[in-house]
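Read through the structure below, which is laid out as structure tokens, and then see the notes.
Nothing in this text is a laboratory measurement; each read-out follows from the coordinates by a stated rule. Computed from a predicted structure; not experimentally measured. No Cβ is skipped: glycine too gets one built from the backbone with ideal geometry, and neighbour counts run over all protein chains shown.
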Amino acid sequence: MPTIVTGKDSEVKFGPGMPTIIIGERINPTGRKKLAKHLQSGDLDIVEEEAKNQQLAGAEILDVNVGASDVEETKILPKAVEIALASTGLPICIDSANTEAIQAALSIYPYKALVNSVTGEEKSLDTILPLVKKYNSSIIGLTIDEKGIPNTASARVKIAEKIVNRAESYGISRENVVIDCLALAASADTKSAMVTLETIRILTKELSLSTTMGASNISFGMPQRKIINNAFLSMAIEAGLSAAIVDPTQEATLYTVLSCNFLTDKDEFATRFLNFHRAKKV
Ligand code: THG
């Protein structure tokens, strides 16, 4: 069964055996001073602009994160989610470390959202999963627990299984759990990329779970980051990645995802690739 999330105008399905979809990451003040400033002053016009730009660029789901110093997330996150939804009709991925802010955003979201995120930590599972059940959303589960991020695929898979089992005990079905296999800086540990890829492969092939990942951490501390990110994204898609959290306004990234979907036989007659390409040309 695929994971399904819904917005005002679109329903997005993804999972093992299906094309990798794009989650747009640009509504996030991390490292973006201008966006942080607007969020701090409560001026959310920039959220509408970033939402529309990412949709035009090819995003299928929009991640919305407003976490910055001096931003009252419980107030601003629901507003930003509402604006991103109203201006694009796309499904929203509600991204916050603040449970009250997630609850507030879920309470105004009239469709099926993706919540970002829960971890394998008891405290996180106990607070987030009841909300996911109450609002009938899907959830991203990070492969991290009280002991940190494991450096083996088997230990990450164990955390994924714990999250899925706990979700099921709350009545959340497994297709509503999307496991983040976590990309870390390969410059700090050159085995790290392979651990992430192996985790994706096992979860996809053996456990039929949906997976996700933000690719950009992999290149931290290196030159030519965009090239490294896209190379890693290609490998992750071959390993089975269901949803990529990326900057969709990087055209090379979009073409990387579409190329990999085509080359892994997830795009019959190259329909998705060619439709995207034709739309770009006009
Ligand atoms: N997994 C999950 N959620 C996530 C991540 C993940 N959410 C946040 C993050 N990772 C993905 N989003 C971003 C957002 C911004 C940046 C990277 C990932 C980023 N910003 C630039 C910087 O910091 O320099 C600024 C870019 C710009 O100005 O255009 O890198 O892994 N589940």
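Can you give the helix-only mean residue ellipticity at 222 nm for the chain, where every DSSP H stretch with n ≥ 4 adds -39500 (n - 2.57) and the sum goes over all residues, rounded to the nearest 500 deg cm²/dmol?
Calculated at 222 nm, the ellipticity per residue is -14500 deg cm²/dmol.
Largest first and in whole Å, what are the equivalent-ellipsoid semi-axes of the stretch 155-282 based on the Cα gyration tensor, each being the root of 5 times an eigenvalue?
That gives 26, 20, 12 Å for the three semi-axes.
Of the options LEU274, LEU35, ILE144, report the single residue whose Cα projects farthest towards the positive end of the charge dipole of the chain (beta-carbon charges: Lys, Arg +1; Asp, Glu -1).
With unit charges placed on the Cβ atoms, the residue in question is LEU274.
For the stretch 142-164 and the stretch 177-199, write down the distance between their C-alpha centroids in whole Å.
Cα centroid to Cα centroid, the span is 12 Å.
Aspartates and glutamates near LYS75 by alpha-carbon distance under 19 Å, same-chain residues fewer than 8 away left out - which ones?
ASP43, ASP45, GLU48, ASP63, ASP95, GLU100
Averaged across orientations, what area in nm² does the convex hull of the alpha carbons in the stretch 36-126 project?
One quarter of the hull surface, i.e. the mean projection, equals 6.1 nm².
Search the structure for amide H atoms under 5 Å from the amide H of GLY214, placed 1.01 Å from N in the peptide plane, and list their residues when 5 or more places away or on another chain.
Those qualifying (amide H under 5 Å, at least 5 residues apart or on another chain) are LEU182, ALA183, ILE245.
MET1 to ALA270: FRET efficiency via 1/(1 + (r/R0)^6), r the Cβ-Cβ distance, R0 25 Å, to the nearest 0.05?
Efficiency, rounded to the nearest 0.05: 0.40.
What is the antiparallel percent of DSSP beta bridges lying wholly in the chain, to the nearest 5?
Here the antiparallel bridges make up roughly 15 percent for the chain.
Sort all Cα-Cα distances of the chain into consecutive 10 angstrom bins from zero, then give the percent of pairs in each bin up to the one containing the longest distance.
Percent of Cα pairs in each bin: 7, 30, 38, 22, 2, 0.
Write down the Kirkwood hydrodynamic radius of the stretch 200-250, to one decimal in angstroms, obtained as one divided by the mean of 1/r over all alpha carbon pairs.
By the Kirkwood definition, the hydrodynamic radius is 11.5 Å.
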